[in-house]
1. Can you name the residue in the range 233-262 that is of a type in the set (A, V, I, L, M, F, W, C) and in contact with a Pro (Cβ under 9 Å, 6 or more places away or on another chain) and is also nearest to Arg110 (Cα to Cα) among such residues?
2. Name the residue that is farthest from the chain's Cα centre (by Cα), counting only residues in the range 10-31 that are buried (at least 21 other Cβ atoms within 10 Å of the Cβ) and within 14 Å of the ligand (Cβ to nearest atom).
3. For the structure I just gave you, tell me whether Ala141 is closer than 26 Å to Asp275 by Cα and either within 15 Å of the ligand (Cβ to nearest atom) or at pLDDT below 95 (or both).
4. Quick one: which helices (runs of 4 or more DSSP H) sit completely within the range 82-174 and have at least 1 residues that are among the acidic types (Asp, Glu)?
5. For Glu42, only one of the following conditions fails: (1) under 29 Å from Lys70 (Cα atoms); (2) touching a residue at least 60 places away in the same chain (Cβ under 8 Å). What is its number?
6. Out of Asp275, Asp233, I need the residue that is in contact with a helix residue (DSSP H, G or I) (Cβ under 7 Å, 6 or more places away or on another chain), under 25 Å from Cys173 (Cα atoms) and among the acidic types (Asp, Glu). Which one?
7. Ala209: within 19 Å of the chain's Cα centre (by Cα) and under 21 Å from Leu116 (Cβ atoms), yes or no?
8. Mind listing just one residue for me: the one in the range 41-81 that is surrounded by fewer than 19 Cβ atoms within 10 Å (Cβ to Cβ) and small (Gly, Ala, Ser) and, of those, farthest from Arg190 (Cα to Cα)?
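The values are calculated or read from the model by the stated rules, or taken from the named source; none is laboratory data. These numbers were taken from a predicted model, which means no experiment stands behind them. Every residue, glycine as well, gets a Cβ built from its backbone with ideal geometry; the counts of neighbours run over all protein chains shown.
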Amino acid sequence: LQVWKTPAEALAGVDAHRRAGRRVGLVPTMGNLHAGHRSLLERARAECAAVVATLFVNPLQFDNPEDLAKYPRTEAEDLEMCRQAGVDAVFMPSVAAMYPPNSTTIVEVRGVQDPLCGRSRPGHFAGVATVVAKLFHIAPADVAYFGLKDYQQSLLIRRMVRDLNFPIAVRLCPTVREPDGLAMSSRNSRLTPAHRAQAVVISRMLRLAEARFVAGERAVEPLKTRMRALLADAPAAELDYLEFAHADTLEAVERLDGPTVVAAACRFGGVRLIDNVLLGLSGED
Ligand code: PAF
């Protein structure tokens, strides 16, 4: 496993793979790897001759300094997972290497960045778009892999790649869940046992939406009411949002007539969790 610390090393390393005719897969992460990340690494391993993972906790995408400080850092375990998944190289730069003094260029994907998580996390998606644009330049792979758990992020990255003509294919991979349905997230480890038990309510709400959609229900408001009723079993849950939106534009919908994302964000004692389900399309490629 090669470890690259500077953008120059990563650029030269990826370039060497590509000149040798190897298709390069890139898996950008913020570390604290779990089974969801492993599924991205494995998919990249299956589809590409060379796999590069990035481990970088990007300060630019944290709207809250406390959240940044508390973000779990597990470098040794992350490198071990990369080794086990057959990753060829890891890019793990310092903050100074990624953002030299007076870095003032920001990438914004207007529209897509505004609703859902954009409302409660101002600046978050500009931080994501900026770092991902930088990673695509620093490690110019053929294919990049992202998880559908962060649906708004995945849409934003696809839009940025199209709008700015990045020569990279974006693959979106299904959410990996705990046995009880909770979506895998680095934040889950920060939940107290009581909050962890209640956090399953998010996926229960989404599963209810899916089941009612399959049963033929199309009106959103009554469905939202039924979903919110499930929160009675999770007194610690503070719902940030529960939205039904068009899967391509993220505009709110009132009826389930087209491809729709049902997205929820919920706080448990200061830990903010998100999840979503797609109705009317598979979402994966
Ligand atoms: O999804 C994440 O882990 C991050 O937002 C990403 C895409 C690695 C950018 O920092």
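1. It comes out as Leu250.
2. Restricting to residues being buried (at least 21 other Cβ atoms within 10 Å of the Cβ) and within 14 Å of the ligand (Cβ to nearest atom), the top hit is Leu26.
3. No: the conditions fail for Ala141.
4. On the way: elements: 95-98, 117-120, 124-138, 151-163.
Per the criteria, 151-163.
5. (2)
6. On inspection, the qualifying residue turns out to be Asp275.
7. Numbers: within 19 Å of the chain's Cα centre (by Cα): no; under 21 Å from Leu116 (Cβ atoms): yes.
No: the conditions fail for Ala209.
8. Selected residue: Ala49.
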